[in-house]
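Okay, so here's the structure we're looking at.
The values are calculated or read from the model by the stated rules, or taken from the named source; none is laboratory data. What you see is a predicted model, and the numbers here were worked out from it, not measured in a lab. Please note: Cβ atoms are built from the backbone with ideal geometry, for glycine as well, and neighbour counts cover all protein chains shown.
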């Protein structure tokens, strides 16, 4: 087995996350799909760090985790705020900016 | 120091965790309820943590478990409790054909990605992290050296980002009360004025073998009083179905007709059980 298998796995997980974002309508599920894509990117970073023999990839993955945590906090707060005004967590509902 | 291949043990770990991770990802996009999706994602995160550790990144593996499965996924579950159980997907497509086109595009993207990676990375020698980890005495020490040295500015900015995000979440989740809280008297007056349900809602059905809250009460004509089941259960579709044959039999028994003929199924004292539902 080659270490590049990790990168292929990351690509597969990223694709699954893409399908989730494109297909699902529930805002929270879409958000979890985005988390999955971020994690896939992290896995690729970690695998690259190992292939290059360089710890920078792991540091970048660490930063991605921190930014993802911040993003989750703000995103979920937005979802809760929209749910309060619209009584719905569907991403088809908030169309106020459209007109 | 070059490391071209990996050990058999690592291959075993990789295949087990890769299958678990992909299963979790598929469960995320395939399960109808958001809570199930969250649990599937937690499975993916844990297997990814194991893969990090297998990839000579023990620090990131631990951070993954603590931050993702510990904090992020639990936050998702809390929000799912707030947003409600009725937040399962609607099957109505707002844009026609969007689902099919989305799956096709994503599949094409995935094939492209895997092929590109496969052709770009074949034959690239893997150096391995043993030398880099050993330089400062370990993986954690090496990462600390980079974080507080070369990446210090980024580290500080990210700290600012975290604080800003926490404050932003506080602001977004805060709700100002614009009107005074309505008293019980006002609420009851409003209810009487609206006229649709002045009294309390009907209680769930109580039968010989079922008195759980998901058992609907029956109206005198044998139809189901949906309002007797609590709202969250109704939204989730967890109404225990009523066996129509049993209701008819009970009715017949009550009117004395069935007492003459042979009963072909047991006397129904229990409109709450349907034969096709194995609970």
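Evaluated against (1) assigned to a loop (DSSP other than H, G, I, E, B); (2) more than 7 Å from chain A (Cβ to nearest Cβ); (3) in contact (Cβ under 8 Å) with a residue 60 or more places away in the chain, residue B:59 falls short on exactly one condition, (1). Can you confirm whether segment A:33-51 contains a residue that is assigned to a helix (DSSP H, G or I), within 9 Å of chain B (Cβ to nearest Cβ), surrounded by fewer than 20 Cβ atoms within 10 Å (Cβ to Cβ) and free of Cβ contacts under 8 Å to residues at least 60 places away in the same chain? No - not one qualifying residue is present in segment A:33-51.
Here's the yes/no breakdown for (1) at the interface with chain A (Cβ under 9 Å from one of its Cβ atoms); (2) closer than 30 Å to residue A:68 by Cβ; (3) touching a helix residue (DSSP H, G or I) at 6+ places or on another chain (Cβ under 7 Å):
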residue	(1), (2), (3)
B:155	yes, yes, yes
B:160	no, yes, no
B:170	yes, yes, no
B:190	no, no, no
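Inclusion of residue A:16 among residues that are at the interface with chain B (Cβ under 7 Å from one of its Cβ atoms) and touching a residue at least 12 places away in the same chain (Cβ under 8 Å) is warranted.
Of the numbered criteria (1) touching a helix residue (DSSP H, G or I) at 6+ places or on another chain (Cβ under 6 Å); (2) buried (at least 21 other Cβ atoms within 10 Å of the Cβ); (3) within 7 Å of chain B (Cβ to nearest Cβ), the one residue A:10 fails is (3). Among the residues of segment B:120-139, write down those that are assigned to a helix (DSSP H, G or I) and surrounded by 14 or more Cβ atoms within 10 Å (Cβ to Cβ). Passing the criteria: B:121, B:132, B:133, B:139. Here is the figure for segment B:62-84: residues that are within 7 Å of chain A (Cβ to nearest Cβ), within 24 Å of residue A:61 (Cα to Cα) and within 12 Å of the chain's Cα centre (by Cα) total 2.
The set of residues in segment B:143-161 that are crowded, with 16+ Cβ neighbours inside 10 Å and either within 33 Å of the chain's Cα centre (by Cα) or touching a residue at least 24 places away in the same chain (Cβ under 8 Å) (or both) comprises B:143, B:155, B:158, B:161.
Yes/no per residue for (1) modelled with pLDDT under 90; (2) outside any loop (DSSP other than H, G, I, E, B); (3) within 31 Å of the chain's Cα centre (by Cα):
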position: B:163; (1), (2), (3): no, yes, yes
position: B:168; (1), (2), (3): no, yes, yes
position: B:190; (1), (2), (3): yes, yes, no
position: B:198; (1), (2), (3): yes, no, no
position: B:207; (1), (2), (3): yes, no, no
position: B:210; (1), (2), (3): yes, no, yes
position: B:233; (1), (2), (3): yes, yes, yes
